[in-house]
Amino acid sequence: MEQNLDSYRAARHQAAWIDRTDHIGLLCAIGNDRLLWLQGMVSNDVRLLEQGTKRLQACILNPTGHVLTDLTLIAISHGQLPNLPTCILLDMPRENREKIWRLLNRFLITEDVELRDVTSQLACLSLQGPAAAQQLQQLSIEPSLIVEADHTGSGGFDIYLPIEMRHPVLHSLDIPILDEQTVELLRVEAAIPKYGAELDESVIALEANLRHTHISLTKGCYVGQEIMARIESRGHTNRGLIGLVFSPDEIPERGEVLYPAEEPAREVGRITSVAASSPAMSHRPIALAFARHEFALPNTLLYVGPSRKKAVVVPLPFISAQRGLTE
């Protein structure tokens, strides 16, 4: 555990590596109609990529606004990466790659667009932490594509490069390589939704706090757009993503049900992710959960699971600047 804590401190205060390669699926959209076609497929405004934005987060939704996948779109110019022409790279959770490949191909009719699966060709190494930019200056990686990307709440960069360069680059700096447990702790503290936990086909995108990062309400028609606009006009979803803090000896489990203190038999939410000991919260257990909006206010007391563990709602993210870090 001490080794994990050292790595955690590096990511929070200095820099550390996350090797994303085995966890992502990569498709690329090639052809003259790629931007216009993707504009109707994803929830964010793809035109921003034409205006100089290098990395754009979005979702692919079904007609009822539920999340089929979250993804990142990256504009690539010819020659930036080997064997890739000018295209849009689609970076998504690997478990969604085949599903999204089939879905997108069904929407290709007469458009000048070709989809290629390039997952096996590229690695993605993420340099995270407040000193990531400084560490990046020590690297000379050609060919590669580097974009700002925050997977921990402490800032950083994603580096896309040929798969054969993965391990030489990963070991080129004297900084930690984060294990999955530490990556998950950092993610939960930063309240970054993850597919398979906070995101799946039962979740409406706006429930997961994706409004400002993944959703455009002004760009026009896309699959699921009508539901996004209807919810926005109503003012809120029925439920939303919240943060919970527990006593040190009460560690919740993913999937446990939330109950209000006043109505102990009423189910009002469910735990989605757990960190058993959060340095950002004095090493107390923390959790992400969905709860009905009337129980999402800070300082609300909720009971969790059959043993009725006590939890208090706190603002997200857990690592907010006002709260600071206590280790």
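In whole Hz and in residue order, list the ³J(HN,Hα) couplings for region 296-302 that follow from phi through the Karplus curve 6.51 cos²θ - 1.76 cosθ + 1.60, θ = phi - 60°; x for Gly and Pro.
Taking θ as phi minus 60°, the curve returns 9, 6, x, 6, 5, 8, 10 Hz for region 296-302.
Please arrange 54, 194 by accessible surface area, largest first, computed with a 1.4 Å probe and ligands excluded.
Details: 54 135, 194 90 Å².
Listed by decreasing accessible area, they come as 54, 194.
Amide H of residue 278 versus every other amide H placed in the peptide plane: which residues, excluding those fewer than 5 positions away on the same chain, fall under 5 Å?
Here 283, 284, 286 satisfy the definition.
Rank 226, 142, 184 by accessible area, highest first, at a 1.4 Å probe radius? The partial results should precede the final answer.
Working: 226 120, 142 145, 184 50 Å².
The residues order as 142, 226, 184, largest area first.
So, in Å, what gap is there between the alpha-carbon centers of region 78-109 and region 217-246?
26 Å
Pairs of lysine in the chain with Cα under 30 Å and at least 8 positions apart or on different chains: total?
Values: 54/99; 54/194; 54/219; 99/194; 99/219; 194/219; 194/309; 194/310.
Total qualifying Lys-Lys pairs in the chain comes to 8.
Quote the accessible area belonging to residue 157 in square angstrom, nearest 10, computed with a 1.4 Å probe and with ligands, DNA and RNA left uncounted.
In the full protein context, residue 157 sits at about 40 Å².
Check residue 300: other-chain or 5+ apart residues with amide H under 5 Å from its amide H, H built from backbone geometry?
For residue 300, the qualifying residues are 313.
In percent, what relative contact order does region 243-327 have, based on Cα pairs under 8 Å that are 6 or more apart in sequence?
Details: 185 pairs, mean separation 29.9, N = 85.
The value is 35 percent.
Tell me, for the chain, which Cys residues have no other cysteine's C-beta sitting closer than 4.7 Å.
If one checks each Cβ against the other cysteines of the chain, 59, 124, 221 turn up with nothing under 4.7 Å.
At residue 120 and residue 310, where each label point lies 7 Å from the Cα along Cα→Cβ, what is the point-to-point distance in nanometres?
Simple spin-label model gives 5.6 nm for this pair.
So how do 43, 233, 202 rank on accessible area, 1.4 Å probe, biggest first, that is with the largest at the start? If you can, show how the numbers build up before the last one.
On the way: 43 0, 233 100, 202 70 Å².
Listed by decreasing accessible area, they come as 233, 202, 43.
Please calculate the 1.4 Å probe accessible area of residue 119, with all protein chains present, and give it to the nearest 10 Å².
10 Å²
Would you work out the relative contact order for the chain, in percent, from Cα pairs under 8 angstrom that are 6 or more residues apart?
Values: 702 pairs, mean separation 61.3, N = 327.
Computed value for the chain: 19 percent relative contact order.
Would you work out what percent of the accessible area of region 34-180, with all protein chains in place, is carbon or sulfur (probe 1.4 Å)? Don't skip to the answer; put the middle values down first.
On the way: 3270 of 6780 Å².
The value for region 34-180 is 48 percent carbon and sulfur by accessible area.
Determine, from the Cβ-Cβ distance of residue 251 and residue 299 and an R0 of 22 Å, the FRET efficiency 1/(1 + (r/R0)^6), rounded to the nearest 0.05.
Numbers: r = 21 Å, r/R0 = 0.96.
About 0.55, to the nearest 0.05.
Go through 225, 320, 243 and say which Cα lies farthest out towards the positive end of the charge dipole of the chain; charges sit on Cβ, +1 for Lys and Arg, -1 for Asp and Glu.
Of 225, 320, 243, it is 225.
Mean separation of Cα pairs under 8 Å and 6+ residues apart, divided by the residue count of region 171-305: what relative contact order is that in percent?
Values: 182 pairs, mean separation 33.8, N = 135.
Over region 171-305, the number comes to 25 percent.
By how many nm would the segment from residue 54 to residue 163 lengthen if fully extended, with 0.36 nm per residue of separation less the alpha-carbon distance?
Values: separation 109, 0.36 × 109 = 39.24 nm, distance 2.13 nm.
Full-extension gain reported as 37.1 nm.
Mind checking the per residue accessible area of the chain for me, 1.4 Å probe, whole number of Å²?
Details: 14900 Å² over 327 residues.
Dividing the accessible area of the chain by its residue count gives 46 Å².
How large is the dipole of region 1-143 about the Cα centre if only Lys and Arg carry +1 and Asp and Glu carry -1, each at its Cβ, rounded to the nearest 20 debye? Could the numbers behind the result be given before it?
On the way: 13 positive and 16 negative charges, 36 e Å.
The dipole of region 1-143 has a size of about 180 debye.
What is the magnitude of the charge dipole of region 84-184 about its Cα centre, with +1 placed on the Cβ of each Lys and Arg, -1 on the Cβ of each Asp and Glu, and no other charges, expressed in debye to the nearest 20?
Numbers: 7 positive and 16 negative charges, 52 e Å.
I would put it at about 240 debye.
Let me spell out the model: positive unit charges on the Cβ of Lys and Arg, negative unit charges on the Cβ of Asp and Glu, origin at the Cα centre of the chain. What dipole size does that give, in debye rounded to 20?
660 debye
The values are calculated or read from the model by the stated rules, or taken from the named source; none is laboratory data. Every value quoted in this text rests on a predicted model; they were computed, and no experiment measured them. For neighbour counting, all protein chains shown are included, and Cβ atoms are generated from backbone atoms with ideal geometry for every residue, glycine included. All accessible areas refer to the heavy atoms of the entire protein, side chains included, with ligands and DNA or RNA removed. Shrake-Rupley method; radii C 1.70, N 1.55, O 1.52, S 1.80 Å.
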